[in-house]
Amino acid sequence: MKIILNCKEAARIVSEGLDSKLPFTKKITLRFHLIMCKGCTLYQNQITALRALLHDYNNKIEQEDFLPGPPLLSQDGQSRIKSLIKKALS
């Protein structure tokens with residue numbers, strides 16, 4: 001493992017660290033890069049936050065009382081659109 005990473009390598013290691021525990025040498029090398037690179041630090045913060053949001057959203061979906069909101073179309077409107085699509089495809 002080389003000591004100095006470029007941003008592409010750092011981003012790959014950040015992503016890898018989300019899926020599994022990084023070896024000590026990779027952690028140190030990444031930490032060194034993040035100290036010097038604000039762009040990669042921002043990337044790490046964003047990808048970590050996005051993963052947490054998706055995890056929370058997934059947990060809410062799995063709850064029985066979770067409702068995504070009222071449908072945008074009435075049941076009648078949905079039925080009419082379905083029948084028009086069927087007519088157009090036949």
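None of the figures in this text is laboratory data; all of them are computed from the coordinates on show. Quick caveat, the model's predicted, so the values are computed rather than measured. Counting neighbours? That spans all protein chains shown, and the Cβs are built from the backbone with ideal geometry, glycine included.
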Report task. Between Cys37 and Lys60, take the C-beta separation as r, use R0 = 30 Å, and let me know the FRET efficiency to the nearest 0.05. Result -> 0.30
Report summary line: In nm, the gap between the two label points placed 7 Å beyond Cα toward Cβ at Leu73 and Gln46 is 3.5 nm
Query - lysines whose Cα lies under 28 Å from that of Lys60, excluding same-chain neighbours fewer than 8 positions away - result: Lys21
Query raised in the report: Hey, which lysines would be in cross-link range of Lys27, C-alpha to C-alpha under 27 Å, not counting anything within fewer than 8 residues on its own chain?
Result: Lys2, Lys8, Lys38
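What is the Å³ per residue value for the convex hull set by the Cα atoms of the chain?
Values: hull volume 17.7 nm³, N = 90.
Given the Cα convex hull of the chain, per-residue volume reads 197 Å³.
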